[in-house]
Amino acid sequence: MSHICIQHKHAITSDGTFCYYESYEAYCIATPINSIYCGTLKAQISDRARFKFEVIVPNRTYYFMAQTESEMMSWIEALNKAVAAALTDLKSSGSTAKELIQRIYEEPSNAFCADCDSA
């Protein structure tokens, strides 16, 4: 499990999911802004000088900024490990791509837009 405060937000990777929260308090009461299945994301540096990185999913790119370069690299590494673990779990369970897509659609946090709350 990895935690970070990104641009005054709190984020965590756990059980194949990347979640981010408005604050540590929101994390404590389990109310994420968004929850992303790690099997569908890619993490990469977007601006090394400003410690910015991006999390790319099929329909969107999320931008985050860490406080140091080592923190940024730690997050990219943690996210990429979470992706590898999620894909390994998917492969070992014998799930198909169709089942993966269904799992993404069934994720409760995907029922609403993370920006505007529209359904």
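Within segment 9-30, the set of residues being farther than 22 Å from Ala85 by Cα and either of a type in the set (Gly, Ala, Ser) or modelled with pLDDT of 80 or more (or both) comprises Tyr21, Glu22, Ser23, Tyr24, Glu25, Ala26, Tyr27, Cys28, Ile29, Ala30. Given the criteria at positive phi and modelled with pLDDT under 80, does His3 qualify? Criteria not met by His3. Residues that are in contact (Cβ under 8 Å) with a residue 12 or more places away in the chain and over 25 Å from Ser118 (Cα atoms) number at least 1 in the following strands (runs of 3 or more DSSP E) confined to segment 9-103: 9-14, 42-47, 52-57, 60-65. Criterion first (open to solvent by 30 Å² or more (accessible area, probe 1.4 Å) and either of a type outside the set (A, V, I, L, M) or in contact with a helix residue (DSSP H, G or I) (Cβ under 6 Å, 6 or more places away or on another chain) (or both)) does Glu54 satisfy it? Considered against the rule, which asks whether it is open to solvent by 30 Å² or more (accessible area, probe 1.4 Å) and either of a type outside the set (A, V, I, L, M) or in contact with a helix residue (DSSP H, G or I) (Cβ under 6 Å, 6 or more places away or on another chain) (or both), Glu54 comes out as no. For segment 73-88, the tally of residues that are open to solvent by 50 Å² or more (accessible area, probe 1.4 Å) and touching a Phe, Trp or Tyr at 6+ places or on another chain (Cβ under 7 Å) stands at 0. Ser70 falls short of the stated requirement of being at pLDDT 85 or above and buried (at least 16 other Cβ atoms within 10 Å of the Cβ).
The values are calculated or read from the model by the stated rules, or taken from the named source; none is laboratory data. Values in this document were obtained by computation on a predicted structure and should not be read as measured data. Here the Cβ is made from the backbone with ideal geometry for all residues, glycine too, and neighbour counts use every protein chain on show. Please note that ligands, DNA and RNA were not included when accessible areas were found on the heavy atoms of the full protein model with its side chains. Shrake-Rupley method; radii C 1.70, N 1.55, O 1.52, S 1.80 Å.
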